[in-house]
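The values are calculated or read from the model by the stated rules, or taken from the named source; none is laboratory data. Everything numeric here is computed off the predicted structure, so don't read it as measured data. Heads up, the Cβs are rebuilt from the backbone with ideal geometry, glycines too, and the neighbour counts pull from every protein chain shown.
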Amino acid sequence: MSDKLTRSELAQIILDEELLTNDATEIIEILKDTKVSKELDTKLTSMTFGQRLADRITLFAGSWKFIIIFFVILLSWIIFNKLNGTQSFDPYPFILLNLVLSCVAAIQAPVILMSQNRQAERDRKTAGNDFKVNLKSEILSEDIHDKLDKLLSQQTDMQKRMDNLEEKKKKKS
């Protein structure tokens, strides 16, 4: 009982020193005797089709493969339309190409943002879990230090008693 009280007091002291948004008593109860580390599901298996598609598009759109393919398509478009002159489907100044590029950018940006928002949520969950683990480690470390201090104090007291007993024994003899 006194061990749990000590941990609660230590947790309260640590929480009072920090500015936390979570409820302090909830954190103390979580940290006292439970395992706080969690295996977080980083894949988020309950994603919708749209979310999975956004992640796949983002994975591809953020790669060198995409950049190279996109550059080759742009260069081919320009060369094809330049070589065909007035008979091309998109003569210089390539207005259709500009429209296509604008549409790609307009669609690609929100898709990438959706994927980044999900990644940010995963990062927040991981950070929250790391915070709980670190806080519990700090509390337990303080608890161990307190116990060591008590043991050292008791050892010092016992040494003084033994020294006193030896002195009394020497005086008697």
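If the condition is being touching a helix residue (DSSP H, G or I) at 6+ places or on another chain (Cβ under 9 Å) and without any contact (Cβ under 8 Å) to a residue 60 or more places away in the chain, then the stretch 141-173 contributes only K147. Residues of the stretch 139-149 that are surrounded by 13 or more Cβ atoms within 10 Å (Cβ to Cβ) and at pLDDT 85 or above: D146 alone.
Of all residues in the stretch 83-129, those being under 26 Å from the mean Cα position of the chain (by Cα), exposed (fewer than 14 other Cβ atoms within 10 Å of the Cβ) and among the aliphatic types (A, V, I, L, M) number 4. Answer yes or no: is there a residue in the stretch 101-121 that is of a type in the set (D, E, K, R), assigned to a helix (DSSP H, G or I) and within 27 Å of D55 (Cα to Cα). So far as the stretch 101-121 goes, yes, one or more of its residues are of a type in the set (D, E, K, R), assigned to a helix (DSSP H, G or I) and within 27 Å of D55 (Cα to Cα).
Here is a yes/no grid of residues against (1) surrounded by 13 or more Cβ atoms within 10 Å (Cβ to Cβ); (2) in contact with a helix residue (DSSP H, G or I) (Cβ under 7 Å, 6 or more places away or on another chain); (3) acidic (D, E); (4) at pLDDT 90 or above:
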position: S37; (1), (2), (3), (4): no, yes, no, no
position: T42; (1), (2), (3), (4): no, yes, no, no
position: I67; (1), (2), (3), (4): no, no, no, yes
position: F70; (1), (2), (3), (4): yes, no, no, yes
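Taking (1) touching a residue at least 12 places away in the same chain (Cβ under 8 Å); (2) in contact with a helix residue (DSSP H, G or I) (Cβ under 7 Å, 6 or more places away or on another chain); (3) within 30 Å of S46 (Cβ to Cβ) in turn, Q116 satisfies each apart from (2).
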